[in-house]
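Just below is one structure, and these are the notes that go with it.
Bear in mind these aren't lab numbers, they're just calculated from the coordinates by the rules spelled out. All values derive from a computational prediction rather than experimental measurement. Cβ placement follows ideal geometry from the backbone for every residue including glycine, while neighbour counts extend to all protein chains displayed.
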Amino acid sequence: MKAPDNAGLLLGFSRFVAAAKPILHREYQQRLAADLARQQWQGCFQRNLLAVLAGFYRQALQQVKAMPFDAGQAPVVNGMSGLTAELLAAFAGFSDELILFAVDKHRTSCALSNFPEEHKPDRDYLQATRREIAELWQNFALDLNRHLLEERC
């Protein structure tokens, strides 16, 4: 039986992540519109970014689990599978791009113009949101690595 082609699978995963960007943008817009319709603008920037990213990280982990990677081919250094770093590379700039998209949506929203903290998120709000996103990212990376290490056995 032929071993899986990790390089081809990595390329496929990178394409999966890239293809998700416009979908996540639409999901963010839909969540924002739903919040505005319910007049729930307080914290909507952070809440919706976290929800969109948390959902996508779960989906991305399931995608990896469904792919037949040969985890035994990858070295393990300091408890991290070499595949982990390669898979995470597909996300370079991913959350920053989504944050910029959300900031732009908020700044151009007439409905949010009466709520300055949401219309133009300030530095502190952005930093707090980035910290929450970093925690999501860390958990995703750890779960991904755990899965790859378990697949070595």
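At a glance:
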quantity	calculated
Loop-located trypsin sites (Lys or Arg not before Pro) in region 31-134, at most 15 other Cβ atoms within 10 Å (DSSP)	Arg38
Choice from Leu83, Leu98, Leu142 showing the highest fluctuation, given a GNM over the chain with Cα pairs closer than 10 Å	Leu142
Helix 94-107 axis, angle to the chain major axis (alpha carbon atoms, nearest 10°)	10 degrees
The chain: angle of helix 44-66 to the longest principal axis, Cα-based, in degrees nearest 10	20 degrees
Rounded tilt (10° steps) of 123-152 against the dominant C-alpha axis of the chain	20 degrees
Stokes-Einstein diffusion coefficient of region 37-127, Kirkwood radius over Cα pairs, 37 °C, 0.692 mPa s, in µm²/s	208 µm²/s
Nitroxide proxy distance, nm - points 7 Å out along Cα→Cβ at Ala85 and Leu100	2.6 nm
Highest-fluctuation residue, Ser109, Ser14, Ser95 considered, GNM on the chain with Cα pairs under 10 Å	Ser109
Gaussian network model of the chain, springs between alpha carbon atoms under 10 Å - residue of Ala37, Ala51, Ala85 with greatest fluctuation	Ala37
Positive dipole terminus of region 4-153, leading residue within Leu9, Ala34, Asn145 (C-beta point charges)	Ala34
Reciprocal mean inverse distance between Cα atoms of region 110-153 - Kirkwood radius, Å	12.9 Å
Listed values (1) 1.21; (2) 0.96; (3) 1.26, entry calculated as Cα Rg over 2.2 N^0.38 Å	(1)
